1. Those residues that are within 14 Å of chain A (Cβ to nearest Cβ) and part of a strand (DSSP E or B), I need them from region B:90-137; list them, please.
2. Quick one: count up the residues across region A:60-76 that are at the interface with another protein chain (Cβ under 7 Å from one of its Cβ atoms) and assigned to a loop (DSSP other than H, G, I, E, B).
3. Which numbered condition trips up B:Leu495, out of (1) surrounded by fewer than 22 Cβ atoms within 10 Å (Cβ to Cβ); (2) away from every other protein chain (no Cβ under 14 Å); (3) outside any strand (DSSP E or B)?
4. Restricting attention to region B:434-446, does a residue exist that is part of a helix (DSSP H, G or I) and more than 19 Å from the chain's Cα centre (by Cα)?
5. Hey, does region B:152-174 have a residue that's part of a helix (DSSP H, G or I) and either of a type outside the set (A, V, I, L, M, F, W, C) or at positive phi (or both)?
6. Hey, can you tell me all the residues within region A:41-57 that are among the charged types (D, E, K, R) and facing chain B (nearest Cβ under 7 Å)?
7. Restricting to region B:400-444, name every residue that is away from every other protein chain (no Cβ under 14 Å), more than 30 Å from B:Asn165 (Cα to Cα) and aromatic (Phe, Trp, Tyr).
8. Does region B:331-340 include one or more residues that are of a type outside the set (Lys, Arg), part of a helix (DSSP H, G or I) and at pLDDT below 90?
Amino acid sequence: MSETSIDIAVLQRLAALDLPEQESRELRSTLMKILDAFEALQDVDTEGVEPLYNINESQFALREDKVEQSLTRDEVLRSAPLVSDGSYKLRRMLVKSGEK
Amino acid sequence: MKPEISSTWKRASELPWSRSAGEQAGSLVGFRKLNADLKSGSLSADKLCQHAVSACAGLGKSLGASLEPGKISGNASSDISANELKKESKTPLAQIPFALKDFILKKDWVSSAASKILSDFRAPYSATCLERLENAGALCVARTNMDEFGMGSSNENSAWGNVKNPWDTSRTPGGSSGGSAALVAAGCVPLALGTDTGGSVRQPAAFCGVTGLKPSYGRISRYGVISFASSLDQVGVLSVDAFGCAKALEAMSGEDARDGTCSKKESFVYKDLIAAGTSKEFYKAKRIAIPRSIAQAQMDDEVAAGFKDFQDFLKNQGATVDVVDMPLLPHALSVYYLICTSEASSNLSRYNGVHLGASGAIDDNLPLHQRITKFRSENFGEEVKRRILLGTFALSSGYYDAYFKKAARVRRLIQQDFERVFQSYDLILTPTSLELPFKLGERNRDPLKMYNSDVCTIPASLAGLPAISFPCAVGGSLPVGMQFIAPYWNEQEALAAADVYQQSPEGYFPYLAGELTDKAAAQSGVKP
């Protein structure tokens, strides 16, 4: 795809990653190189071919809805960096006017 | 303090699963011998376990292969209670010590995926595969190093440092299950669990001269296995031989209500042709295919020589070996890297520093989204960020059809390529890697070159097929691995093919483990 262009700033925002300027430029050029190398894929005739997303496509993954012992609240919260009163604690979500 | 390699064997070549030169053909070797010795009592389970614990902590650590045992208090050896050791040797896995890739959860152990982002994550539950292996009597003695989140082919992408190849410590053990492969190769454990997304069990097995099995997709539950690319990830086994892999697969396979992608079909039972005395017939009239793109690929001379030798062996046994066209195979690499990065970008979005993760970065007053961004940027490694961004791109509006969906369509064509070949052939043969283990640091600045290391292993992953890597030769003092790919759900065929070869007088068997332990120890400056 010759019209492919990578907006590295947008990708970083989508992926919640923030790289230093220099690193981000280098990464963009690496990604372009990788996509260039993958270019031949576009020439494969896939007209009418269904995408294959998973090997066990036909499998019906629902199970009976019955109550079972699962992890306790403490076991789950044990891995969290910040906990308060048996809950995950978040930092403020609101942004002051003028703040990014 | 000098770590002790082995308190129980003076020379590591006396390891119970090694085959000493004077041994007669026809006697038991490898995992079978280990089983027989444990059963007869000529090998004490206690000593075996002590050896494994001290070798993993000593030599394994100096190779960078073992991580801290994992328990917050105490260590792995204290985990293994005297009671467990007294268990009767009922199953072939009873009393067998094994190592666990840092990607698979063991309750109360740290499971970090070799990432800073999970550096203090203690698993609240155990993975199904691990539980089943432990229920069969096997003893988990070590946690092994890997590439961060399974992303890498050289084990240089670990936040905890790279792993060295026991055959030559200046070289890579392969990746991402490099630590597991190195521990088996160095004779620290006879069995280790790994995971294989695009070759992460098979390529390190080849680089370290051990046997590595990636089962069919859906064969082993992924419950409790940290996700990289969910449509490709499979738990795999590394062992001293195919028989060891077969026994571990038997224990771990089968339906699991906690993983919707785990198949509801029957569990695996290995038909032992050696025990049945029919192994000599196995290769007679077998039809074996080699994909043309692999047959014509450039490969290291030593690999080419091993590949040819092995084909001669097959022909001498009565097999037909043909080169076949698989026209879509050359696209497998692109398809794989688009799909695995896309799935990874989604899977790894859960690491936001709220539910779990390193606690270091919480002392700031940033708004939530900025804090999440900072947390991820500071704690993910370079290759992980690269793949997340590539995947984010392939899934992004405007490019989704041209990249992710296109790759998924070509993936189906690759699967059909395999189905067509398996209508006329029993197995597909390739080298596991086109090259010998390369030098550490040689290509970690060139991601494309690194991605190319997986060219032989990726196709089977895309099609969800079982595949096994096993050593067939030593070239220039480094091991060469062959790979058999079998039809879907036919692990029996792949395992038997490797097993029959390894037990035959012509078979190259990795009984070097003993010498290797000494050699690796000398190179790492550890005194036996």
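1. Once the filter is applied, which keeps residues that are within 14 Å of chain A (Cβ to nearest Cβ) and part of a strand (DSSP E or B), region B:90-137 yields B:Trp109, B:Val110, B:Arg122.
2. Residues that pass the stated criteria total 3.
3. (1)
4. Initially, region B:434-446 is screened for residues part of a helix (DSSP H, G or I), giving none.
No: zero hits.
5. Looking through region B:152-174, none of the residues is part of a helix (DSSP H, G or I) and either of a type outside the set (A, V, I, L, M, F, W, C) or at positive phi (or both).
6. A:Glu50, the sole residue that qualifies.
7. B:Phe422, B:Tyr425
8. Residues of region B:331-340 that are of a type outside the set (Lys, Arg), as a first pass: B:331-340.
Retained after the next criterion (residues that are part of a helix (DSSP H, G or I)): B:331-340.
Those left that are additionally at pLDDT below 90: none.
No, because not a single residue in region B:331-340 is of a type outside the set (Lys, Arg), part of a helix (DSSP H, G or I) and at pLDDT below 90.
The values are calculated or read from the model by the stated rules, or taken from the named source; none is laboratory data. Small disclaimer: the values here were computed from a predicted structure and weren't measured. We place every Cβ from the backbone using ideal geometry, glycine too, and count neighbours over all the protein chains shown.
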